[in-house]
Amino acid sequence: MADNKPFQDILTNPDFDGDSDKSKLIFEHYKLYVEMADRVSARRLTANSFFLGINTAIIAIAGYIKSACGEPAIRQYYWLIAIAGLVISYSWYRHIRSYRDLNSAKFKVIHEIEKLLPLKPYGAEWEAVGRGKNPKLYKPVSHIETGVPLIFFAANIFVILWSIPWQILFQTCAH
């Protein structure tokens, strides 16, 4: 635990008032809100699958075009495919960041709601992983996720640089 409190003190709420009608209503809202946070995570996974599929399709199309037309004939058009890959990779990266920010906000609200309940499971879990400050205890998935579109982004930059006819450009500049 981050502050060396006994785990039971972190998990339980000594300020819980026990008003049954109010507590039931708060708990119902809590359950609904936790479910909404879970759905955001599921949508994020679906979006990641979509963007990974699109990037994979771009690579497959480029490979097919190369095998069907030959490298010299198609090399001049690879930059178009790479531009599409850059746009998709950047969009993917922004989606991941957006979902991360949305989930962070949702968990702030969940922690606040837990202050009104007898137990604080998400708050206790957050304490158990050092509040995200110790990478040995917890490495946010979004930090790992953002690396994947950045790899595709870099690969597309490489393709753009590779498809530029550098020899022709330098010959034109020399004259």
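The values are calculated or read from the model by the stated rules, or taken from the named source; none is laboratory data. Remember, predicted model here, so these are calculated numbers, not experimental data. Virtual Cβ from ideal backbone geometry, glycine too; neighbours counted across all protein chains shown.
Here are the numbers for this structure:
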{"quantity": "Residue 86 surrounded by 11 or more Cβ atoms within 10 Å (Cβ to Cβ) and at pLDDT 90 or above", "calculated": "yes"}
{"quantity": "Residue 62 being surrounded by 13 or more Cβ atoms within 10 Å (Cβ to Cβ), within 14 Å of the chain's Cα centre (by Cα) and either modelled with pLDDT under 90 or aliphatic (A, V, I, L, M) (or both)", "calculated": "no"}
{"quantity": "Count of residues meeting criterion [outside any helix (DSSP H, G or I) and more than 21 Å from the chain's Cα centre (by Cα)] in the range 111-152", "calculated": "6"}
{"quantity": "Selection status of residue 161, part of a helix (DSSP H, G or I) and within 14 Å of the chain's Cα centre (by Cα)", "calculated": "no"}
{"quantity": "Restricting the range 6-54 to residues that are in a loop (DSSP other than H, G, I, E, B) and surrounded by 12 or more Cβ atoms within 10 Å (Cβ to Cβ), the residue that is modelled with the lowest pLDDT", "calculated": "16"}
{"quantity": "Per-region count, the range 133-172, residues exposed (fewer than 14 other Cβ atoms within 10 Å of the Cβ) and among the small types (Gly, Ala, Ser)", "calculated": "2"}
